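Just below is one structure, and these are the notes that go with it.
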Amino acid sequence: MDLLRAKISHGFDLLDADGDGALTEADHVTMGHRVRRLPARPHPGHPQADLDEAFAHLDLDGDGTLTATEFERAVIEYWSSTDPDAPGTWWMGRPAFDTALNTTDD
């Protein structure tokens, strides 16, 4: 688990461009685009409102930033939680199971 935490910490440091120890909502959006290898604009499948909602779930203390601790928790929950309501399930945007529940076949 120490190696995993070290890798997550390194990822956090890479995303924390100004080195202030916190990720802003803009950093979170940039991360999503980099991970998906998309241009720096909202992905058509992830409207800005969805990205904003995702960040709100991850920002556990509501201060407008993600601390290293919040980021680590989100990453670990994203990959390991079986709780669909866990905040970390929003790490990469609206959870897939939530999106699937909100789509209809026409």
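Throughout, read-outs are computed from the coordinates displayed, never taken from laboratory work. Computed from a predicted structure; not experimentally measured. FYI the Cβ positions are ideal-geometry reconstructions off the backbone, even for glycines, and counts take in every protein chain you see.
Listed peptides 11-19, 23-31, 73-81 appear in the order 23-31, 73-81, 11-19 once ranked by packing, highest mean of other Cβ atoms within 10 Å at the front. Using the Karplus relation 6.51 cos²θ - 1.76 cosθ + 1.60 with θ = phi - 60°, the per-residue 3J(HN,Hα) values for the stretch 69-82 come to 5, 5, 5, 4, 4, 4, 5, 5, 5, 4, 8, 10, 6, 9 Hz, with x marking Gly and Pro.
What does the charge count near Leu4 come to, summing +1 for each Lys or Arg and -1 for each Asp or Glu among other residues with Cβ under 14 Å from its Cβ?
After counting each charged neighbour, the total is 0.
Add +1 for every Lys or Arg and -1 for every Asp or Glu among the other residues with Cβ under 12 Å from the Cβ of Glu77, and state the total. Walk me through the numbers on the way to the answer.
On the way: positive: Arg73; negative: Glu70, Glu72, Asp83, Asp85.
Local charge sum for Glu77: -3.
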